[in-house]
1. Arrange the residues ASP150, ASP124, ASP49 by how much accessible surface each exposes, largest first, with a 1.4 angstrom probe.
2. What accessible area, in Å² to the nearest ten, does a 1.4 Å probe give for ARG171?
3. On average, how much accessible surface per residue is there in segment 34-76, in Å², for a 1.4 Å probe, leaving out ligands, DNA and RNA?
4. Tell me the per residue accessible area of segment 115-172 using a 1.4 Å probe; a whole number in Å² is fine.
5. Work out, step by step, the length gained on full extension between ASP60 and ARG175: first 0.36 nm times the residue separation, then minus their alpha carbon distance; give nm to one decimal.
6. Counting only protein heavy atoms and a 1.4 Å probe, tell me what percentage of segment 58-190's accessible area is made up of carbon and sulfur.
7. Is the C-alpha gyration tensor of segment 93-153 telling us rounded, prolate or oblate? Criteria: a/c under 1.5 is rounded; beyond that, a/b larger than b/c is prolate, otherwise oblate.
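The values are calculated or read from the model by the stated rules, or taken from the named source; none is laboratory data. A quick note: this is a predicted structure, and the numbers were derived from the prediction, not measured. Only protein heavy atoms, including side chains, enter the accessible area calculation; ligands, DNA and RNA are left aside. Shrake-Rupley method; radii C 1.70, N 1.55, O 1.52, S 1.80 Å.
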Amino acid sequence: MFSSPEASACRLLPVHAAGTPDPVPVPPFDAEPAAAEVIVATHRVTYSDRLKVFIGPNEDVESFLRPLRRMDGHQRYALDLTVLPEPMPATEVTATVSAARGALALRCAGSADAMTLQLRMTVDHVTRRYTLGFPGSRLGLPTVYVPHGDDDTYVYPEEVFTAEHAAEIFRDFFRDGIVPGGLQHREILD
């Protein structure tokens, strides 16, 4: 029913000692819209691989992060924040834009008490995924089980976050397009 740590470990690469490539910057946008302006979308939020919401720079970041606190690992198990290629009026979001993978995204999966964070970025047409974590050694196989939907993942203890801490990282990513500098990036093979 569940895969073993050994089966999941074959998809993982060791932590990069030299760091990661520079992320794609968040597209610029006007911070203060005029009353008559159209609502601009800069990010797509996908909840548990189903519900998609498009948000812009003037959104209350807390409103889309509140579901992190209700994640249970089964029915509510993931949140994906993807930067759109360019800001666009919300009324012009097409099915193609809605379904596009995106060049820069931050995703969490699991429950409010134990979730994993992954950063996905595409640089020069090469997509890389990283599991984020706190500094520490990553010897042996990952041993912490994190269920999410019909899937499961094993991570190291330093790679487990709570909803409160994940919300801070998502907030920084939403505003600046980067994750805090103190986090380690461990590359994942697809």
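1. ASP150, ASP124, ASP49
2. 50
3. 57
4. 45
5. 40.3 nm
6. Values: 3190 of 6320 Å².
Looking at segment 58-190 in its full context, I get 51 percent from C and S.
7. oblate
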